[in-house]
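Below: one structure, written as structure tokens.
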Amino acid sequence: MIYPINELFETIQGEGVYTGVPAIFIRLQGCPVGCPWCDTQHTWDKSADDRIAITDVLAKQQASTQFAEVSPDDILAQIQALGFTAKHVVITGGEPCMYDLRPLAAVLEAAGYRLQIETSGTFEVLTSPQTWVTVSPKVDMPGGYAVRADAMLRANEVKYPVAMHKHIEQLDQLLLDCPVQPGTTICLQPISQRPHATELAMRICRQRNWRLSVQLHKYLAID
Ligand code: SF4
């Protein structure tokens, strides 16, 4: 299995249950979901013309559509060579579940890493049983992909972007249509740090004992 790597870097997880945890981010290229507010639109298209070497990916100074195709063993070798100390690996995108993540999970977990994936819930989740699965379900997006019931059932955490009350209603309907396992953490994440969205998310979290996810990395101005 070969994975298209758009970015590989170490930072602090800024979202969801693992907020504040040092983490190695592997950003995969490709996403057809089309969320209007997406802040990684450079990952959407995967063109053969954009293939570069992994060394050039690591040297990127700004976001770009370029990516390297790398095997699980080479991803591990790169992580070790870079001297990263984090033991938490976040596989994100793009939409990482466009790919079978089991070979990558097997290699990284054997080396002592804990995996988390961040997915829109619109593709089958193929990863190890130990992987922490964060589903950030994207409902009625332009790409036309439906949120999958099996992805919601696999979720350890549902992280829902909110800007207005209709998004809470959407989430309520989604949880009726596609139930999650008991004990799954529900996080509300205000879109773009808008004050109205943040106030709404805080209020609903208090009412329902859900969690607030504030995208800490944006407040800290880090990747
Ligand atoms: S699913 Fe994620 S990467 Fe894809 S368009 Fe939506 S926010 Fe962007």
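For region 3-161, give me the percentage of DSSP beta bridges that are antiparallel, rounded to the nearest 5 percent.
Working: 10 of 26 bridges.
Of the beta bridges lying entirely in region 3-161, close to 40 percent run antiparallel.
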Worksheet item: Number of Lys-Lys pairs in the chain under 18 Å by Cα, sequence gap 8 or more or different chains?
Response: 4
Practice prompt. Taking the Cβ of V21 as the centre, find all other residues whose Cβ is under 14 Å away and add up their charges (Lys, Arg: +1; Asp, Glu: -1).
Written response: -2
Practice prompt. Provide the solvent-accessible area of E69, counting protein heavy atoms only and rolling a 1.4 Å probe, rounded to the nearest 10 Å².
Written response: 90 Å²
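Need one number: the % of Cα-Cα pairs in the chain sitting beyond the 21 Å mark.
Value for the chain: 54 percent of Cα pairs lie more than 21 Å apart.
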Worksheet entry | Calculated from backbone phi, Karplus (6.51, -1.76, 1.60) coupling profile of region 210-223 in Hz, x at Gly/Pro | 8, 10, 9, 10, 9, 6, 3, 4, 6, 5, 8, 6, 10, 5
Worksheet item: What is the set of long-range amide H partners of A163 at a cut-off below 5 Å, with H atoms built 1.01 Å from backbone N?
Response: I191
Discussion item. For region 81-129 and region 19-64, what is the centre-to-centre distance using only Cα atoms, to the nearest Å?
Written reply: 15 Å
Worksheet item: Which residue, Q62, Q80, Q130, tops the fluctuation ranking in a GNM of the chain built on C-alpha contacts under 10 Å?
Response: Q62
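Taking K and R as +1 and D and E as -1, what net charge do the other residues with C-beta under 13 Å from the C-beta of A106 add up to?
Value of the local net charge: -2.
The values are calculated or read from the model by the stated rules, or taken from the named source; none is laboratory data. This one's a predicted model, so the numbers in the text were calculated from it and none came from an experiment. With ideal geometry, Cβ positions are generated from the backbone for all residues, glycine too; neighbour counts draw on all protein chains shown. Areas reflect the complete protein model, heavy atoms only, side chains present, ligands, DNA and RNA absent. Shrake-Rupley method; radii C 1.70, N 1.55, O 1.52, S 1.80 Å.
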